[in-house]
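The structure appears right after this line, and notes come after that.
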Amino acid sequence: MRYYLSLMCVLLVSLGLVGCKGEEQAGGPQQVPYVKVKDIKAENVAWPAEYQATAAGSRAVDVRARVQGIIEKRLYKEGSFIKEGQLMFQIERDQYEAAYDEARAAFMNAEREWKRVRPLYKANAVSQKERDTALSNYESTKAALRQAKINLDYCQVVAPVSGFTSKEAVTPGNLVANNTLLTTVNQTDPMYIDFSISAPERLKRLQLEREGRLMTPAMGIYDARLKLLDGRMYDKMGFIDFIDSQVQPTTGVISARATFPNSDNTIMPGQYVRVYMDGDVLIKAVLIPQSSLSITEDGTFVMVVGKDNKVKRTRVQVSISIGDNYLVDSGLKGGERIVVDGILKTRDGSPVRYDDPNAPAAPAEGKSAASAQ
């Protein structure tokens, strides 16, 4: 009986070992993780730096009264677009018309006197003093007439620039003095786009340029593109016209500005946009997808796939981001194959499975069927 029990135990153990071995053989190939890979190249890459920005009118011009008087009427709609020279406010004219008429009469009288005295002086019929007095009166009344005309014209307050008007600061019926603010006009063509460049990014640009890894545009003129809030790209190109020469101590950023044409008033002052600064080219740059990066307490790593299809944990240093990629400063030289998806399934020295990224794409099913026919 003991013999049969022992035999049964041996058989059960043997079957168990065979079963385990069979499971191990069946599950072995499946334990090699499947990942996606990418071949990394060193190549020249455009660096379109992207920034959050705010639109602002190229000029915000205060509209002020130039003479004292009662505001009789406002001749524009608040918030509307207005053209340069268009009438905006009317100040009462009565006293200035009277002053103009008085100045004109005085001038005409002085002019007649000057015309009478001048030939007499040439004929030695009047003295030098009489001649000088007549000329002085003529010139002074002429200047007074010109000033009276200016004051009369100032009763009509016109737009100093084309742009959008703001709310009126003084309502009709109120007395205003010289230099009283009436409203503001924001010139929106061209439009300024204000943004900031971080000081570390600026230093990185200078470092790359000194190392011969960055080529900047000729004459330092950068083109600019604009993305609107709804995700559309603005259909007009601009340019970078200002980058400050100092860092703002309170924020640690460098102020910059782009200018864009805005004849159709698509861009409004205060609007949030994204601006792209085009023109820089990275020389022989090695870019890696952000998804390929593993960040730990020990540093930053990528998994490099060797010829034996085993991965090697490789330390890298990255800096600026370009789209969904990072610029590699050290650790990769180009020509490597790295894991870009499934990195958490890999271990240093372990094998991986993947599709050859350089293999031609398989024909579509419909196209294959058509070819077979």
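Which of the pairs Lys307/Lys333; Lys41/Lys236; Lys227/Lys284 have their Cα atoms more than 26 Å apart in this structure?
Details: Lys307/Lys333 17 Å; Lys41/Lys236 33 Å; Lys227/Lys284 28 Å.
The pairs that break the limit, which is 26 Å between Cα atoms, are Lys41/Lys236; Lys227/Lys284.
Please find the FRET efficiency linking Met108 to Val61, where r is the Cβ-Cβ separation and R0 is fixed at 30 Å, and quote it to the nearest 0.05.
On the way: r = 38 Å, r/R0 = 1.26.
After rounding, the FRET efficiency stands at 0.20.
Per-residue ellipticity at 222 nm, computed for the chain from helices alone with -39500 (n - 2.57) per DSSP H run of at least four residues, works out to -9500 deg cm²/dmol.
Could you compute the FRET efficiency for Asp153 and Glu201, with r as their C-beta to C-beta distance and R0 at 51 Å, rounded to 0.05? Let's see the in-between values first.
Values: r = 52 Å, r/R0 = 1.02.
My answer for the efficiency is 0.45.
Here the Karplus curve 6.51 cos²θ - 1.76 cosθ + 1.60, taken at θ = phi - 60°, turns the phi angles of segment 210-223 into couplings of 5, 7, x, 9, 9, 10, 9, x, 4, 6, x, 9, 9, 6 Hz, with x standing for Gly and Pro.
Using Cα-only point scatterers and the Debye equation, what is log10 of I(q)/I(0) for the chain at each q in 0.10 Å⁻¹, rounded to two decimals? Result of the Debye calculation: -0.91.
Helix 128-153 and the longest principal axis of the Cα set of the chain meet at an angle near 40°. What residues of segment 268-303 lie in the reach of a label at Leu228, counting those whose backbone N is under 17 Å from a point 7 Å from the Cα along Cα→Cβ? Of the residues in segment 268-303, 268-276 have backbone N under 17 Å from the label point off Leu228.
For Tyr326, the residues 5 or more places off, or on other chains, whose built amide H falls under 5 Å of its own are Ile288, Gln290. Here segment 217-241 is scanned for amide nitrogen atoms under 18 Å from the site 7 Å beyond the Cα of Asn44 along Cα-to-Cβ, giving 217-223. Within a straight-line Cα-Cα reach of under 20 Å, Lys77 can be paired with the following lysines, leaving aside sequence neighbours fewer than 8 residues apart in one chain: Lys167.
Net charge within 13 Å of Tyr272 by Cβ-Cβ distance, Lys/Arg positive one each and Asp/Glu negative one each, not counting Tyr272 itself? Don't skip to the answer; put the middle values down first.
Working: positive: Lys227, Arg274; negative: Asp194, Asp230.
With Lys, Arg at +1 and Asp, Glu at -1, the net is 0.
Compared with the alpha-carbon gap, the fully stretched path from Lys142 to Asn358 is longer by 69.0 nm at 0.36 nm per residue.
All of the numbers you see were taken from the coordinates with simple rules; none came from a lab. Since this is a predicted model, take the numbers as computed values, not measurements. Reconstructed Cβ throughout: ideal geometry from the backbone, glycine too, with neighbour counts over all protein chains shown.
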